[in-house]
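Peer 1: Please see the structure below; I have some questions.
Bear in mind that the values in this text are calculations on the coordinates, not laboratory data. Computed from a prediction, not measured in an experiment: that's the story for all the values here. Don't worry about glycine lacking a Cβ; one is built from the backbone with ideal geometry, like all the others, and counts go over all protein chains shown.
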Amino acid sequence: MIENQKIRPGKVIGPLGEQLTLDSLPPPSTTRWVVRRKAEVVAAVNGGLLSVDDVCARYGLTVEEFAGWQRAIDRSGMPGLRVTRIQHYKLLYERQQKY
């Protein structure tokens, strides 16, 4: 057995409770990132299905962009991924940090 071989699960639980596999993730050609797709990719990384480097290479994302998705989910859940609400959630989080 190769020492550096990483064991990855064949499937993980997605943001809506469904099973995610590599085949069920958004296709690499995805250009329109809706909340559900972002959340699925974050769930795949959190579950060990893909690494951050794999996701960035597969989808053409920067590490900072993906980290922003993770932060948004950690802070506000799936609604935090909505592009139209980023400023609202950012201000809300900053207010919470003051108290």
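Peer 1: Between ASP53, ASP74, ASP23, where does the largest GNM mean-square fluctuation fall for the chain, given springs only between Cα atoms within less than 10 Å?
Peer 2: ASP23
Peer 1: While we're here: Loop only by DSSP, 14 or fewer other Cβ within 10 Å of the Cβ. Give me the chymotrypsin sites (Phe, Trp or Tyr not before Pro) in region 1-74 that pass, ordered by residue number.
Peer 2: none
Peer 1: Let me ask you something else. Between (i) 1.03; (ii) 1.25; (iii) 1.48, which entry matches Rg/Rh (Cα atoms, Kirkwood Rh) as derived from the coordinates of this structure?
Peer 2: Among (i) 1.03; (ii) 1.25; (iii) 1.48, the one derived from this structure is (i).
Peer 1: Using a Cα-Cα cut-off of under 23 Å, which lysines could be cross-linked to LYS11, ignoring same-chain neighbours fewer than 8 residues away?
Peer 2: Output for LYS11: LYS38.
Peer 1: Per residue of the chain, what 222 nm ellipticity follows from adding -39500 (n - 2.57) for every DSSP H run with n ≥ 4, rounded to the nearest 500? Show your work: numbers first, answer last.
Peer 2: Details: 4 runs with 47 residues, N = 99.
Result for the chain: -14500 deg cm²/dmol, rounded to the nearest 500.
Peer 1: Right, another one. Read phi for every residue in region 11-20 and hand back ³J(HN,Hα) as whole Hz from Karplus 6.51 cos²θ - 1.76 cosθ + 1.60, θ = phi - 60°, with x for Gly and Pro.
Peer 2: Couplings: 7, 9, 8, x, x, 9, x, 8, 7, 10 Hz.
Peer 1: Can you tell me, using C-alpha contacts under 8 Å and at least 6 residues apart, the relative contact order of the chain as a whole percent?
Peer 2: Result for the chain is 22 percent.
Peer 1: For a quick check: with amide H placed at 1.01 Å from N, whose amide H comes under 5 Å from LEU20's, ignoring anything fewer than 5 positions away on the same chain?
Peer 2: Under 5 Å from the amide H of LEU20: VAL12, ILE13, GLY14.
Peer 1: Can you give the angle from 0 to 90° between the axis of helix 35-46 and the longest principal axis of the chain, with both taken from C-alpha atoms, to the nearest 10?
Peer 2: 50 degrees
Peer 1: Any idea which of PRO15, GLN97, VAL52 is furthest toward the positive side of the dipole for the chain, if Lys and Arg beta-carbons carry +1 and Asp and Glu beta-carbons -1?
Peer 2: GLN97
Peer 1: Shifting gears a bit: Short version: ³J(HN,Hα) in whole Hz for each residue of region 55-60, in order, from phi by Karplus 6.51 cos²θ - 1.76 cosθ + 1.60 (θ = phi - 60°), x for Gly and Pro, what are they?
Peer 2: Using θ = phi - 60°, the values come out as 5, 4, 5, 5, 10, x Hz.
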